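The values are calculated or read from the model by the stated rules, or taken from the named source; none is laboratory data. Since the structure is predicted, the reported quantities are computational estimates derived from the model, not experimental observations. Positions of Cβ are backbone-derived with ideal geometry, glycine not excepted, and every protein chain shown enters the neighbour counts. What goes into the accessible areas is simple: the full protein's heavy atoms, side chains included, and nothing from ligands, DNA or RNA. Shrake-Rupley method; radii C 1.70, N 1.55, O 1.52, S 1.80 Å.
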Amino acid sequence: MAETEYVQEPLAGFAPGAGGIDPALPLHATTFVVVDLETTGGAPDGGGITEIGAVKVRGGEELGVLATLVNPGVPIPPFITVLTGITQAMLVPAPPIEQVLPSFLEFITDAVLVAHNAPYDVGFLKAACAKHGYHWPSPRVLDTAALARRVLTRDEVPNRKLGTLAAYFRTATRPTHRALDDAKATVDVLHGLIARLAGHRVDTVGDAIEFARAVTPTQRRKRHLAEGLPRAPGIYIFRAADDRPLYVGTSGDVATRVRSYFTAAEKRARISEMLAAAERVEAVECAHSLEAEVRELRLIAAHAPPYNRRSKFPERVLWLKLTDGPYPRLSVVRAISPGDAAYLGPFSSRRAAELAAAGFHDAVPLRQCTHRLSLRTVTPACALAELGRCPAPCEHRITPEEYDVRAVAPFRTATASDPRPVVDALLARIDALSGAQRYEEAAVARARLVAVLRATVRMQRLTALTGIAELAAARPAAGGGWELALVRHGRLAGAGVSPPGVHPRPTIAAIRATAETVLPGHGPVPRASAEESERILSWLERPETRLVEMSSGWASPVAGAARFRDLLRKAENAASPQSSTESP
């Protein structure tokens, strides 16, 4: 190229692809665009590019070339001219970067971008797009320098500079600090590195990109565990040498999710420890995401894998109930029985249950002592009676009938239908404390209001669902057809997917014929964990879900706790993080 001549080579063999890059695409079938930039130096600020060279290749065959000088609009430092041979006179007739970007962005469509020290080149290109209003397509990027650090040892090459690697792989084009020459040299280096990847069991573009990143030796050694898994919704189980489940997870694409555990993005210490102990991964395909989520919860509950933190023991719940006998009080218990008529829960922790109990004690005159009271014998009153916070049923200052009306009935009503009296009493207490500038006490009362509302909203939602003997629902599937779920007493009894273009009722009939038998029970979660029923509720409440059949109506109390959800949200937003206990 003459010193004052501007040349832009044609896009030889350019044929844009039809879609994005699948990380599972084999390397030999992947389209790569190898790019190199020459710049004026400095940091990426939207300018500074003096030359772009790009070569498009696939399967070892060159598909196209893009090469152009770029007028940076600023003088070139002398040392850049000495290094590259590009002079100011050569760049005067060249187009500015904003005119070059459209052709370049079209050239890299549906291709993996490759560069040597890719962060430098990609940084300049992204900054130029941002400055001139072009959308950066965020292509997958493979860095040959990083890949060489993983593939080649110090005994083979003293460093990973492009010139060193070009000499090692005997590239047809030598690097000259000109964009197109360096890009062509990088193409040969890329092919040499890909040939070496076969020995590391890396044969897809996604694996190559992740292999170039800083993964641990354990991740690299165990990455074969992700092979052969289905690309479908389901659950996956990491198992130890003795077949113990170490970790259970779920995903809409099991293969992709499991592969992510062996990438640089996975940095959790406990997962690294789990991978070191894992010897195989077992996958169970599911009809759709809801079935996968439910199976995950059940497996975690059944096996308590050591590396799963959440929902390990869903059966360990607590309840707040009224005791039997005269002058009932609130008691935190681990189970409820059919004879229990007034209760609230389930709670995941004792702190949450006790916070809700404190809320009721603030609102209604329920006794707090643990004595077993008698209608005949008087028991000495405690300090709460002297403070006026207890009607002193122990000294028979209140009749059982009056105690029932003033203290017991509001709790029963709040849990079964309308919590308005309790809510109003707590709001009045908060206002009074705030008016007296007792803000810390007002915050405590607000936390108790949150606990009461969370528990009542949650229980009433669960009760409405679990009271239905059988419910069939459908949701459009991503690939056509319908995702189907058969729910009995809040438990997922069957799941399936109807084919596209086929009425879902025959599939529902087949699911019903093989579904799990679920008998009715007592309480808001009689036959499933609260987490399972809540996952089902979330799935059913999505706008796209259709209720197909129900054995009975699905209804909540007209004046129920759900009408206070806005108040609950406001109170949660106002409360401190320490007041948060569990989700409704």
Pairs with Cβ under 9 Å, 6+ apart, first in region 260-271 and part of a loop (DSSP other than H, G, I, E, B), second of a type in the set (Gly, Ala, Ser) and surrounded by fewer than 12 Cβ atoms within 10 Å (Cβ to Cβ) | Ala264/Ala214
Consider Ala432 against the criteria (1) assigned to a helix (DSSP H, G or I); (2) among the small types (Gly, Ala, Ser); (3) under 29 Å from Leu290 (Cβ atoms); (4) free of Cβ contacts under 8 Å to residues at least 60 places away in the same chain: it satisfies all of them except one. Which criterion is unmet?
-> (3)
Note down all Cβ pairs under 8 Å where the first residue falls in region 222-237 and is more than 19 Å from Ala277 (Cβ to Cβ) and among the charged types (D, E, K, R), the second is open to solvent by 10 Å² or more (accessible area, probe 1.4 Å) and outside any loop (DSSP other than H, G, I, E, B), and they're at least six residues apart or on different chains.
-> Arg231/Thr256
Within region 108-116, can one find any residue that is surrounded by fewer than 20 Cβ atoms within 10 Å (Cβ to Cβ), farther than 17 Å from Asp182 by Cβ and of a type outside the set (A, V, I, L, M, F, W, C)?
-> yes
Flag if Gly523 is modelled with pLDDT under 95 and either surrounded by 13 or more Cβ atoms within 10 Å (Cβ to Cβ) or not in a loop (DSSP other than H, G, I, E, B) (or both) = yes
Conditions (1) more than 28 Å from the chain's Cα centre (by Cα); (2) in a loop (DSSP other than H, G, I, E, B); (3) surrounded by 14 or more Cβ atoms within 10 Å (Cβ to Cβ); (4) charged (D, E, K, R); number of the one not met by Arg512 | (2)
Just wondering, is there one or more residues in region 551-560 that are farther than 29 Å from Leu299 by Cα, touching an Asp or Glu at 6+ places or on another chain (Cβ under 9 Å) and hydrophobic (A, V, I, L, M, F, W, C)?
-> yes
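Per-residue answers, yes or no, for (1) outside any strand (DSSP E or B); (2) touching a strand residue (DSSP E or B) at 6+ places or on another chain (Cβ under 9 Å); (3) surrounded by fewer than 21 Cβ atoms within 10 Å (Cβ to Cβ); (4) among the β-branched types (Val, Ile, Thr):
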| residue | (1), (2), (3), (4) |
| --- | --- |
| Arg220 | yes, no, yes, no |
| His224 | yes, no, yes, no |
| Ala232 | yes, yes, yes, no |
| Ile235 | no, yes, no, yes |
| Phe238 | no, yes, no, no |
| Tyr247 | no, yes, no, no |
| Arg257 | yes, yes, yes, no |
Of all residues in region 547-564, count the ones that are surrounded by 14 or more Cβ atoms within 10 Å (Cβ to Cβ) and in contact (Cβ under 8 Å) with a residue 40 or more places away in the chain.
-> 8
When residues of region 462-492 are filtered for being surrounded by fewer than 21 Cβ atoms within 10 Å (Cβ to Cβ), in contact (Cβ under 8 Å) with a residue 60 or more places away in the chain and under 23 Å from the mean Cα position of the chain (by Cα), how many remain?
-> 3
Considering each of Ala495, Ala455 in turn, give the residue that is touching a residue at least 40 places away in the same chain (Cβ under 8 Å) and buried (at least 22 other Cβ atoms within 10 Å of the Cβ).
-> Ala455
If a residue has to be open to solvent by less than 100 Å² (accessible area, probe 1.4 Å) and in contact (Cβ under 8 Å) with a residue 12 or more places away in the chain to count, how many in region 372-384 make the cut?
-> 7
